[in-house]
Ligand code: TYD
Ligand code: MG
């Protein structure tokens, strides 16, 4: 059968062209044309369709979602209780973060529980996948694999094997033969995801699509992929470090405020359920160290924030941030200098969240400020044996602003003996409330000097 020729659509204005142009003839934008397979024209007039009677929402029968649990508690929780049959989950993350390991473990557990599974890899050979599976616990070796990059073959195999759960690692490596673009191009990724979605919905297959993230941290391929799937999970952390966090950015079947913490070990990923205890236990009592009462989804998490301030020979001096946003560090340094009398001036400033954890929330500002101030002055923050805990957003005028869930953060700090934590005004019981950054500094650092219960060491 002769196929209709493909069409090139502008992703900015929707203009269609029969062939690819560098510049859209409709709106004049560059590099916006994306190749799409033209659907065969439907036979018969549109009016042949029968009207359907809409149902009142109150009368809709909501079937209880039967979830497939992966037996990885942290993953199940982030998913909202397990995988939903017929749903598509996109798992994004940088190369080497552990996406293949996590999905192999999940499939292994499902296979061990008697579920039909399939691992499709366009990235590694079956032998490479086996090498990984040999390191993993459970029934990882029981999972059938298909090392294939041709989309048609993958779809045909899925239709024949009818797995209940399938992993496609990765969506960027599959190739639809009817599109001319290279595998991983916008048009290809969209086509691959779209065809898999249709099959998954029709056959009730739960699909985990693995996707790479770009250097900027966005999921590679078009944003449209995020609209297509039911759930978008992001696996983050630093490759060289052991801790990784899994977050839901979108979830049609659960909340997006959940996060899971994992540790990469010799035998695969291990769930870290007592992450706060680990991080507090590892926290140092030295100048430049404070504990941040952060929120990981709906769970409070105590992490150590460290800073080092050292004389620089460079102009401009270095500002290195690991685990927090660099722009946020610049803002905190500016406010520290302008409103709290702690100028980093020409010194190099390094800030690090211990364990390779990433905290992307404004509540981290105060911890960064206190760590930098403590490092710059060479004094230990807090007065007692225990590290000092804090949280709060810093405003441009030097005020401390409240952040979400102060009560949960304070309760977590208290649980590990770090009460009272320094927090914005109105935080409630268990907090040393500070309306401004200056007041918070006084509570954390001036207190330590005055009482002198901890000897001040040079950073
Ligand atoms: P991988 O899952 O292949 O990452 P991704 O699919 O996201 O690219 O694994 C990444 C790293 O994890 C790899 O460098 C080796 C390491 N690793 C372990 O440390 N322990 C293990 O048990 C396994 C399977 C991998
Ligand atoms: Mg991989």
Cα long-axis angle, helix 326-339 against the chain (0 to 90 degrees, to the nearest 10):
30 degrees
Figure the gain on full extension for residue 415 and residue 23 (residue separation times 0.36 nm, minus the Cα-Cα span) and round it to one decimal in nm.
135.1 nm
Using all C-alpha to C-alpha distances in region 236-287, build P(r) with 5 Å bins and read off the rounded percent in each one.
4, 17, 20, 21, 18, 12, 5, 2, 1
Value of relative contact order over region 98-185, rounded to a whole percent, pairs C-alpha under 8 Å and six or more apart
35 percent
Taking max minus min of the Cα coordinates of region 255-321 on each principal axis, largest first, gives extents in Å of 45, 30, 24
In nm, give the distance between the simple-model label positions of residue 150 and residue 397, each being 7 Å from the Cα along the Cα-to-Cβ direction.
6.8 nm
For region 202-335, the Rg and Dmax computed from alpha carbons only, in angstrom
18.4, 64
Radius of gyration and Dmax over the Cα atoms of region 281-378, both given in Å
12.8, 43
What Kirkwood hydrodynamic radius, in Å, does region 5-123 give when the mean of 1/r is taken over all pairs of distinct Cα atoms and then inverted?
19.6 Å
Which peptide among 314-326, 399-411 comes first, and what is the full order, when sorted by highest mean count of other Cβ atoms within 10 Å?
399-411, 314-326
Find the Cα radius of gyration of region 45-185, compare it with 2.2 N^0.38 Å by division, and give the number to two decimals.
1.27
Using only the alpha carbons of region 347-452, determine the length spanned along each of the three principal axes and report them from longest to shortest in whole angstroms.
34, 32, 30
Taking the Cβ-Cβ separation of residue 408 and residue 330 as r and a Förster radius of 25 Å, what is the calculated FRET efficiency to the nearest 0.05?
0.30
Descending packing, highest mean Cβ count within 10 Å first, for 181-194, 273-286 is 181-194, 273-286
Run lengths n ≥ 4 of DSSP H only: what is the helix-derived mean residue ellipticity at 222 nm for the chain, with -39500 (n - 2.57) per run over all residues, to the nearest 500?
-7500 deg cm²/dmol
Proxy reagent accessibility, fewest Cβ within 10 Å first, across 79, 141
141, 79
Relative contact order (percent) for the chain, with alpha-carbon contacts under 8 angstrom and 6 or more residues of separation?
12 percent
Can I get the semi-axes of region 82-149's equivalent ellipsoid? Compute them from the C-alpha gyration tensor as square roots of 5 times the eigenvalues, in angstrom, largest first.
17, 16, 12
In Å³ and rounded to a whole number, note down the convex hull volume per residue for the Cα atoms of the chain.
205 Å³
Looking at the P(r) of region 397-448, how many percent of alpha-carbon pairs lie beyond 17 Å?
33 percent
Euclidean distance of C-alpha centroids, region 363-386 and region 102-130, integer Å
46 Å
Mind pulling the angle between the C-alpha long axis of helix 365-377 and the longest principal axis of the chain? Nearest 10 degrees, somewhere in 0 to 90.
40 degrees
State whether region 350-408 is rounded, prolate or oblate according to the following rule on the C-alpha gyration tensor (a ≥ b ≥ c being the square roots of its eigenvalues): a/c under 1.5 gives rounded; otherwise a/b larger than b/c gives prolate, and the remaining case gives oblate.
rounded
Highest mean packing first, using Cβ neighbours within 10 angstrom, the peptides 148-161, 349-362, 119-132, 382-395 sort as 382-395, 349-362, 119-132, 148-161
Going by how many other Cβ atoms sit within 10 Å of their own, how do 30, 20 line up, fewest first?
30, 20
Which FRET efficiency value, to the nearest 0.05, is calculated for residue 194 and residue 159 with the Förster distance at 22 angstrom and r the Cβ-Cβ distance?
0.85
If Rh is defined by the Kirkwood formula over all Cα pairs and Rg also comes from Cα, what ratio Rg/Rh do you get for region 93-250?
0.94
Rounded to the nearest 0.05, what FRET efficiency do residue 429 and residue 265 have when you use their Cβ-Cβ distance and R0 = 41 Å?
0.60
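Quick note: the coordinates plus some simple rules give every number you see, no bench work behind them. Here the structure is a predicted model, which means the values were calculated and not measured. Quick reminder, even Gly has a Cβ in these numbers, built from the backbone with ideal geometry, and neighbours come from all protein chains shown.
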